[in-house]
Amino acid sequence: KTIDQATNNDYLLGYNNLLALMSYLGGRPIAIIKSISFFFDFALAIGVGLVTYHFSKKKITFLISYLIVLFAPSVFANSALWGQCDQIYVCLIVYTFLLFLKKKNIFGSLLLGIAFSFKIQTIFFVPLLGFMWLNKKYRLWYLLLIPVGFMISALPCYFVGGEFVKPFTIIGKQFGEYSNLNYGAGSMYAFLEMTLLAECFNKGVSILFALAVLLFIMFVLYYKKVECNENNMLYVAALYTIITPFVLPHMHERYFFMADMFILMYVIVRKKQYYLAPLMIFSSVNNYTHFLTGEYIFKFLGQDCVRLSALINLAIIIILLVNMRELFPKKEQELIGNN
């Protein structure tokens, strides 16, 4: 019965297993759901703190990062109010990133697979693997460990007699369930109002466009010989976790949650442009509000509040792309300056 219930919603088995496990403790369902999110709020805050501490080696940096995440409006709204599971898979990705920083790529790949078992949006983090591979810091066979990690989450399903394909049917359901170009997200599709243009993008053009953008950025990083050091890894993760949901179709308002965390870590480690973090978090909360309350933060803007978030996200992306010049080797920077 639990297996059938798990495949009747569009949450992957990792989260459904947690719900099933917690249900044996008894109590109100809403309390069970939110207690899981509540626990991972703290785990996520610790993970972000550990990443920033890895760079600074200062306990105060850990404490500041920890407190910011714990009291960030987007974190509070996502878990305590909404009872969503975004902080769970993002938490696992943050620890995956920490393992990559410590050059523990095998364990990082396994943990990334487990993150996939909670949310398919884990894919926003995957371009970092491409950047590492191009710089010979990540071996292709490590990719085989990602499905291994995913299958670990399916073990409870198999132990109680579930079919082998059960974990994958939910993924297929997710891909086929949503057809609109945008679901309240601050993505580029918040600007699309022309019916003919929207229909054109809905016929597969949107996916091709997104892939072209993401691959072009990777090409620039490779062509400019950007080194795969720890600071650059954080930059690439921050850039891709915001630009990927921005250019992909069918995005929901919660899908920039990963960007909230990575941009926060990016500015804390970089010690510059601190304003990017509150802007990113505000952009997310601005979209949450309508779903949670039925009203927009700025009532006079109405649905344009979503476009406001899209503009903020676009501005952050442009700033990050401009910052890319700092990653180029010194000779490249000098040529750009002379031009």
### Message
If you count only protein heavy atoms and use a 1.4 Å probe, how large is the accessible surface of residue 307, to the nearest 10 Å²?
### Response
50 Å²
### Query
Roughly what would the spin-label model give for residue 212 and residue 103, points 7 Å off Cα along C-beta, in nm?
4.0 nm
### Message
With the cut-off at 28 Å, tell me which of the pairs 57/104; 59/136; 34/137; 58/224; 58/119; 103/330 have Cα atoms farther apart than that.
### Response
59/136; 34/137; 58/224; 58/119
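Which order, highest average first, do 118-125, 83-90, 291-298 follow once you tally other Cβ atoms within 10 Å for each residue and take the mean per peptide?
So the order, starting with the most tightly packed, is 83-90, 118-125, 291-298.
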### Message
In Å and on Cα atoms, what radius of gyration and Dmax does the chain show?
### Response
20.0, 68
### Message
How large are Rg and Dmax for the range 48-156 when calculated on the C-alpha trace, in angstrom?
### Response
15.0, 43
### Summary
Between the alpha carbon centres of the range 64-86 and the range 137-154 the gap in Å comes to 29 Å
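Which number do you get for Rg(Cα) / (2.2 N^0.38 Å) in the range 222-339?
On the way: Rg = 16.3 Å, N = 118, 2.2 N^0.38 = 13.5 Å.
Dividing the Cα radius of gyration by 2.2 N^0.38 Å gives 1.21.
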### Query
What residues qualify as long-range amide H neighbours of residue 182, i.e. H under 5 Å apart, gap of 5 or more or another chain, H built at 1.01 Å from N?
250
#### Entry: Point-to-point label distance, residue 191-residue 60, nm (Cα→Cβ direction, 7 Å offset)
4.1 nm
### Query
Per 5 Å bin, what is the whole-percent P(r) computed from every C-alpha pair distance within the range 224-276?
4, 20, 26, 21, 16, 9, 3
### Message
Can you order the peptides 132-142, 15-25, 37-47, 256-266 by their average number of other Cβ atoms within 10 Å per residue, highest first?
### Response
256-266, 37-47, 15-25, 132-142
### Task
Give the carbon-plus-sulfur fraction of the accessible surface of the chain in %, rounded to a whole number; probe 1.4 Å, heavy atoms of protein chains only.
68 percent
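Select from the chain the helices, each a whole stretch of DSSP H, whose alpha-carbon atoms run 30 Å or more along the helix axis and whose Kyte-Doolittle mean is at least 0.5; answer none if there are none. Before the final figure, lay out the partial values.
Values: long enough: 29-56 (41 Å, 1.45).
What comes out of the filter, once short or polar helices are dropped, is 29-56.
The values are calculated or read from the model by the stated rules, or taken from the named source; none is laboratory data. Keep in mind that this is a model prediction, so the values were computed, not measured. All Cβ positions, even for glycine, are placed from backbone atoms using ideal geometry, and neighbour counts span all protein chains on display. Heavy atoms of the whole protein, side chains included, go into the accessibility calculation; ligands, DNA and RNA do not. Shrake-Rupley method; radii C 1.70, N 1.55, O 1.52, S 1.80 Å.
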